[in-house]
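The values are calculated or read from the model by the stated rules, or taken from the named source; none is laboratory data. Predicted model, so just to flag it, every value in this text is computed and none were measured. Because the Cβ atoms are built from the backbone with ideal geometry, glycine has one as well, and the counts that use them run over all protein chains shown. Each accessible area value is taken on the protein alone, full model and side chains, heavy atoms only, with ligands, DNA and RNA left out. Shrake-Rupley method; radii C 1.70, N 1.55, O 1.52, S 1.80 Å.
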Amino acid sequence: MKKSISYLFIILSAVCWGCIGLSNRLLTHAGMELGNRVFVRNFGTLVVLTIVFALLHREVFRIKLKHLPIFMASGLVSILLLSIVYFQCQTMCSLSVAAVLLYLAPSFVVLCLWSGFMELLKQCGLERKLAALAVSLLGCVLVSGILSGEASASWTGIALGVASGLTYASYTVFAHYGLAYYESYTMIYWTFVFAGLGSIFFADIPALLPVLRQPEGVWGCVLVVIVSTALPYYFYTKGLEGVES
C-alpha cells in the first residue's frame, strides 16, 4: 500500500473519531448511562462487523489460538477500557479538553519506543518524530480553547483523560503485532469480539430500552457504532499496514 493512501486512511480515522463527543452527548442527553454507552458502542460494533464480514470477508473468522492474547489485550484494554475512561472523561471535562488528553496517545507510543527501542527510533528519524509530536500536541492545545480559558476540566477528569490516551496508544502497539500475522479486517474483528463480549457485563437492558425508543437515542447509537467506531478503526488499522506505528 502506498504511504500516501495509508496517511489518508489515518486522517479519515481521525475525522470519524472526532465525532465521538457528539455521539456521546446525544446518548447522554437521551438518558443513557455510562455502562450502556460502553455496551452499545462495543457490542453494537461487534454485531455490525460480524454481519459485514460474514457477507464479504469470511476469512476473518479463522485465527490461531496462540494469537488470542493479542486480540484479548487490544479488545479489553485498547477498546473496552478506553470507552469507559474516555466517555467518563467527557462528562467531567469539556469535549476539547477530553480530545487533547486523548491525543496524548502518540506521546505515549513514542515514549514506549524510546525506552525500549532507542536505536530503532534513531534509525527512523528521532528528531523528526519528536518535532512532529510537539507540533501535533500544540495544534490540539490551540484549537481546544485551553489557552483562552474557555475549556473546563476537573482533576479527576484530567486523570481519566490521561488514561484514555494510554489505552488509545496501546491499540497502536497491539495492532502492530497483530498485523504481523493477519490482515486489518481480522485484527479489527477479533479485537471487537473481546471488546463486545466484555461490554455485556456493563449493560443494563431494562434501562437501555426506553432510550432506544427516542429518535435522539437511535441516532446516537448509529453515530457511535458506525461513524465513531467501526469506520475509524477500519481506516486506522488499514493505515497502519502501510506506515510505521
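Residue by residue, here is whether (1) assigned to a helix (DSSP H, G or I); (2) open to solvent by 40 Å² or more (accessible area, probe 1.4 Å) holds:
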site	(1), (2)
Tyr177	yes, yes
Tyr181	no, yes
Thr186	yes, no
Val193	yes, no
Legend entry - Any hit, the stretch 77-86, residues being touching a Gly at 6+ places or on another chain (Cβ under 8 Å) and open to solvent by 30 Å² or more (accessible area, probe 1.4 Å): no
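Within the stretch 49-71, does at least one residue satisfy the condition of being within 17 Å of the chain's Cα centre (by Cα) and among the polar types (S, T, N, Q)?
No - not one qualifying residue is present in the stretch 49-71.
Of the residues Leu209, Leu160, Leu223, Leu179, which single one is under 17 Å from Ile20 (Cβ atoms), at pLDDT 80 or above and among the aliphatic types (A, V, I, L, M)? If you could, list the steps in order and put the result at the bottom.
On the way: Leu209 fails: under 17 Å from Ile20 (Cβ atoms); Leu160 fails: at pLDDT 80 or above; Leu179 fails: under 17 Å from Ile20 (Cβ atoms).
Sole residue among the options that is under 17 Å from Ile20 (Cβ atoms), at pLDDT 80 or above and among the aliphatic types (A, V, I, L, M): Leu223.
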Legend entry - Residue under evaluation Thr45, criteria (1) hydroxyl-bearing (Ser, Thr, Tyr); (2) modelled with pLDDT of 90 or more; (3) touching a Leu at 6+ places or on another chain (Cβ under 9 Å), criterion not met: (3)
Inset, instruction - Return a yes/no flag: does the stretch 206-219 have any residue that is in contact (Cβ under 8 Å) with a residue 60 or more places away in the chain, in contact with a Ser or Thr (Cβ under 7 Å, 6 or more places away or on another chain) and assigned to a helix (DSSP H, G or I). - result: no
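Report, by residue number, each residue of the stretch 44-70 that is open to solvent by 50 Å² or more (accessible area, probe 1.4 Å) and more than 26 Å from Gly220 (Cα to Cα).
Applying the first criterion (open to solvent by 50 Å² or more (accessible area, probe 1.4 Å)) to the stretch 44-70 yields 47, 51-52, 55-56, 58-59, 61-62, 64-66, 69.
If the condition is that a residue be open to solvent by 50 Å² or more (accessible area, probe 1.4 Å) and more than 26 Å from Gly220 (Cα to Cα), then Leu56, Arg58, Glu59, Phe61, Arg62, Lys64, Leu65, Lys66, Pro69 are the ones that fit.
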Inset, instruction - Identify all residues within the stretch 211-239 that are open to solvent by 20 Å² or more (accessible area, probe 1.4 Å) and either closer than 24 Å to Val173 by Cα or in contact with a strand residue (DSSP E or B) (Cβ under 7 Å, 6 or more places away or on another chain) (or both); write none if there are none. - result: Ile226, Val227, Leu231, Tyr234, Phe235, Tyr236, Lys238
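Please enumerate the residues belonging to the stretch 195-210 that are open to solvent by less than 70 Å² (accessible area, probe 1.4 Å) and out of contact with any helix residue (DSSP H, G or I) (no Cβ under 8 Å at 6 or more places or on another chain).
Here is the first cut: in the stretch 195-210, the residues open to solvent by less than 70 Å² (accessible area, probe 1.4 Å) are 195-196, 198-199, 203, 207-208, 210.
Passing the criteria: only Pro210.
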